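Here is the structure we will look at, set down as structure tokens.
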Amino acid sequence: MECREAVVSYLSWALILGGGALLLLQTRRTTKYGRYLPAQARCCPARLGWFLQELPAFLLPLLLLLTGEPRTGVTGDSTGRTLLLCTFMLHYFHRSFIYVFLTRGRPIPLRVVLFAAVFCSLNGFLQGHHLLHCARFEDTWLTDARLAAGVILFVVGMIINIHSDHILHSLRRPGETVYRIPYGGMFEFVSGANFFGEIVEWCGYALAAWSLPTTAFTFFTVCSIGPRAYHHHRDYQKRFEDYPRSRTALIPLIL
């Protein structure tokens, strides 16, 4: 398959503009799902909703990887492109096939599931097509310090994200919907430890790939879940009088 540079550029800038718009929207009001969900909203069960909305970001790159023709005559090593795509797919494999069986969250509004599924479909195609058919790397790229730093950041971020999710899951018994103060791990520093971990993941991914599509995706992620961490922080402070005052919302000691 030939590189569709115009499509890659269009989708990348759409992510950047969409992220900026989403950031502005969330500074005015919270997204209506989870603890902020209105009682009358039409919803999908949490596990089914997470599965449906996250799955396209795993399946589309996988299909591109399995059905794409090997590239020839291009400087670089296909191992690097495959490695980066697999880091992207690893996150969404966990979200689609592991996280969904652990979550005890509230039902998700159908409109949120639909929006997320469309986003994951477009972004899954963008990341997969760009890395497999457009990205070009020098022969020495796999020994580049930027790749090593990016992969390390990705792994550290994913560990933080999964560990933080585990802490949140353990706060509830099956069937419970109550909220309690999380302790341990990065929750000792920030209220949105799971969001912090995911942002670190994608910053590492963007650093390793060093491209417009990966940077655009990371920017969109920050704009999407960054405000979410801030809203959670304010909600914790309102719910619990003994909430630790030393915690910040998203970035330890800063924000």
Theoretical FRET efficiency, 1/(1+(r/R0)^6), r = Cβ-Cβ of residue 149 and residue 78, R0 22 Å, to 0.05: 0.50
Viscosity 0.692 mPa s, temperature 37 °C, Stokes-Einstein D of region 184-230 from Kirkwood C-alpha radius, µm²/s: 298
Return P(r) of the chain (all Cα-Cα pairs; 10 Å bins starting at 0; whole %; ordered from short to long distances). 7, 28, 36, 20, 7, 1, 0
Under the helix-only model (-39500 (n - 2.57) for each DSSP H run of 4 or more, divided by the residues of the chain), the mean residue ellipticity at 222 nm, to 500 deg cm²/dmol, is -21000 deg cm²/dmol
Under 5 Å between amide H atoms, partner at least 5 residues away or on a different chain: which partners does residue 44 have, H built in plane at 1.01 Å? 108, 110
Heavy-atom accessible area of residue 235, protein chains in place, probe 1.4 angstrom, given in Å² to nearest 10, is 30
Sparse-neighbourhood loop hits (GluC sites (Glu not before Pro), region 194-243; DSSP loop; Cβ within 10 Å at most 12 others) -> 241
Order 167-177, 212-222, 150-160 from most to least packed using the mean count of other Cβ atoms within 10 Å. 212-222, 150-160, 167-177
So how far apart, in nm, are the two label points at residue 3 and residue 183 if each is 7 Å from Cα heading toward Cβ? 5.3
Restricting things to Cα coordinates, could you compute the convex hull volume per residue of region 150-255 in Å³? 101
Ignoring any ligand, DNA or RNA, what whole percent of the accessible area of the chain comes from carbon and sulfur when the probe is 1.4 angstrom? 65
Placing each pseudo-label 7 Å from Cα in the direction of the beta carbon, residue 172 and residue 253 end up separated by a distance in nanometres of 3.4
Can you send over the solvent-accessible area of residue 138, 1.4 Å probe, protein chains only, in Å² to the nearest 10? 120
Please compute the per residue accessible area over region 109-221 with all protein chains in place, 1.4 Å probe, rounded to a whole number of Å². 43
Where the centre of each part is set by its Cα atoms, how far does region 200-236 sit from region 110-154, in angstrom? 13
Taking a crude spin-label model, label points 7 Å out from Cα along the C-beta direction, the residue 114 to residue 48 distance in nm is 1.6
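The values are calculated or read from the model by the stated rules, or taken from the named source; none is laboratory data. Just so it is clear, the model here is predicted, and its values are computed rather than measured. Every residue, glycine as well, gets a Cβ built from its backbone with ideal geometry; the counts of neighbours run over all protein chains shown. Each accessible area value is taken on the protein alone, full model and side chains, heavy atoms only, with ligands, DNA and RNA left out. Shrake-Rupley method; radii C 1.70, N 1.55, O 1.52, S 1.80 Å.
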